[in-house]
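Asks: After the structure tokens below, expect a handful of questions from me.
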Amino acid sequence: MKIGCPKEIKPQEFRVGLTPHAVRDAVARGHEVMVQSGAGLGAGFADADYIAAGARILPTAEAIFADADLVVKVKEPQPDERRLLRAGQVLFTYLHLAPDPDQTRDLLAAGVTCIAYETVTDRAGGLPLLAPMSEVAGRLAPQVGAWALQKANGGRGVLLGGVPGVLPARVLVIGGGVVGTHAARIAAGMGADVTVLDRSLPRLRQLDDLYGREFRTGFSSAGLMAELLAESDLVIGAVLIPGAATPRLVTRAMLATMQPGAVLVDVAIDQGGCFETSRPTTHQDPIYEVDGIVHYCVGNMPGAVARSSTLALGNATLPFLLAIADKGWRQACADDPHLLAGLNVHAGHITHPAVAEALGLPHVSAQEALAL
């Protein structure tokens, strides 16, 4: 199979879809790999590294898309890239279609087959291709939150860990999954006073057993949420519903109860965000203020640490990538229901129910799509 890896063009996105190690493994199995010139530079991989691994370097994204049977990326295809997709081609990347009707429309019109990292599952019910980036984003959230809390950035001027004789910042983490757990651990490690909210009692018990000495947990009721919002310096939104739009858990009216200069970090912004006042921002211009509250809503947070993120993502995607290349997408998905769960679009049809529901569009099942 011809595997193509274009350079990412989303603003301030430095990750790359393939590492030289992945190229070497694919080439060893008899596949042809094409990488756009300069695609890996942001993550510290030179063209020479890819050539040494057996890849062919092509000068433009147009050349990659024109020749590749399987296109491997990190972020959702941007409008200029979507125009290059074609029927029969397979796209393997993060898509986050639920809050993005324009992208969905373009992918349906192109007739391309799209397997989304964020909805591939595993035997434990987890999301193995989302988890590495969730870990990175969770660990980054307290770091960027601490930066946004600085007075020069519009924040309250509160040091996350405090100093002797001065209380630390109060951090509220909404969601006790992968993002929330990593965010809470890092914030607690920085000396903050941390509380994690979740609606799953089994998960709260698990967090308490594992990290009870590091941070507190609470059941995510409206009353407790309101109480903690009013006293928090930093709130990290870490809620995810696979494939679907994120519920808006903090309304604009609630901002009036918060302390001026408090910070909201919305890690769920890729799926629409969990704060009503959230809108996507970039690494270049990451924050804005609404009603005296600072918002950090960068849609590709892991891109800030591109090398670590690329290596972590590559470790997770490689087995699935090789399965698709070795068997073709139909057989690979037929053999692996967890990969089939990643199928979001095929031949002009939405194939993931949560995406279809979020956008109010019809869909066929992923199983039915195998026969199309």
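The values are calculated or read from the model by the stated rules, or taken from the named source; none is laboratory data. No experiment lies behind these values; they were computed from the predicted model shown. Ideal geometry is used to build each Cβ from the backbone, glycine not excepted, and the neighbour counts take in all protein chains shown.
Asks: Counting only residues that are in a helix (DSSP H, G or I) and touching a strand residue (DSSP E or B) at 6+ places or on another chain (Cβ under 7 Å), which one in segment 3-49 is farthest from residue 76 (Cα to Cα)? Break it down into steps so the answer makes sense when it comes.
Replies: The initial filter retains those residues of segment 3-49 that are in a helix (DSSP H, G or I), namely 20-28, 41-43, 47-49.
Restricting the remaining residues to those that are touching a strand residue (DSSP E or B) at 6+ places or on another chain (Cβ under 7 Å) gives 23, 26-27, 47.
Numbers: 23: 21, 26: 23, 27: 25, 47: 23 Å.
The qualifying residue farthest from residue 76 (Cα to Cα) is 27.
Asks: Please tell me if residue 281 is without any contact (Cβ under 8 Å) to a residue 40 or more places away in the chain and touching an Asp or Glu at 6+ places or on another chain (Cβ under 9 Å).
Replies: Against the criterion (without any contact (Cβ under 8 Å) to a residue 40 or more places away in the chain and touching an Asp or Glu at 6+ places or on another chain (Cβ under 9 Å)), residue 281 does not qualify.
Asks: Same structure again: Determine which single condition residue 266 fails, assuming it passes every other condition in (1) surrounded by fewer than 24 Cβ atoms within 10 Å (Cβ to Cβ); (2) closer than 22 Å to residue 76 by Cα.
Replies: (1)
Asks: With the requirement that a residue be in contact (Cβ under 8 Å) with a residue 60 or more places away in the chain and either part of a helix (DSSP H, G or I) or among the acidic types (Asp, Glu) (or both), what does segment 107-128 give you?
Replies: 107, 108, 109, 117, 118, 119, 122
Asks: Now for a different question. Does segment 245-254 contain any residue that is more than 25 Å from the chain's Cα centre (by Cα) and either within 22 Å of residue 192 (Cβ to Cβ) or among the aliphatic types (A, V, I, L, M) (or both)?
Replies: We begin by selecting, within segment 245-254, every residue more than 25 Å from the chain's Cα centre (by Cα); these are 253-254.
Within this subset, residues satisfying the condition of being either within 22 Å of residue 192 (Cβ to Cβ) or among the aliphatic types (A, V, I, L, M) (or both) are 253-254.
There is at least one residue in segment 245-254 that is more than 25 Å from the chain's Cα centre (by Cα) and either within 22 Å of residue 192 (Cβ to Cβ) or among the aliphatic types (A, V, I, L, M) (or both).
Asks: Let me ask something additional. Look through segment 23-41, keep the residues that are surrounded by fewer than 23 Cβ atoms within 10 Å (Cβ to Cβ) and closer than 14 Å to residue 319 by Cβ, and return whichever of them is farthest from the chain's Cα centre (by Cα).
Replies: If we take residues in segment 23-41 being surrounded by fewer than 23 Cβ atoms within 10 Å (Cβ to Cβ) and closer than 14 Å to residue 319 by Cβ, then 29 is farthest from the chain's Cα centre (by Cα).
Asks: From (1) at pLDDT 95 or above; (2) touching a helix residue (DSSP H, G or I) at 6+ places or on another chain (Cβ under 6 Å); (3) assigned to a loop (DSSP other than H, G, I, E, B), pick out the condition that doesn't hold for residue 244.
Replies: Checking residue 244 against (1) at pLDDT 95 or above; (2) touching a helix residue (DSSP H, G or I) at 6+ places or on another chain (Cβ under 6 Å); (3) assigned to a loop (DSSP other than H, G, I, E, B), the one that fails is (1).
Asks: Any residue in segment 147-163 that is closer than 21 Å to residue 229 by Cα, modelled with pLDDT of 95 or more, assigned to a strand (DSSP E or B) and among the aliphatic types (A, V, I, L, M)?
Replies: To start, the set of residues in segment 147-163 that are closer than 21 Å to residue 229 by Cα comprises 147-151, 153-162.
Checking the rest, the ones that are also modelled with pLDDT of 95 or more come to 147-151, 153-162.
The next check asks that each one be assigned to a strand (DSSP E or B); those that pass are none.
The answer is no, given that none of the residues of segment 147-163 is closer than 21 Å to residue 229 by Cα, modelled with pLDDT of 95 or more, assigned to a strand (DSSP E or B) and among the aliphatic types (A, V, I, L, M).
Asks: Further, regarding this structure: Between residues in segment 84-97 that are farther than 17 Å from residue 3 by Cβ and residues that are assigned to a loop (DSSP other than H, G, I, E, B) and of a type in the set (Gly, Ala, Ser), which pairs lie under 8 Å by C-beta distance while being six or more apart or on different chains?
Replies: 87/111; 87/347; 97/243
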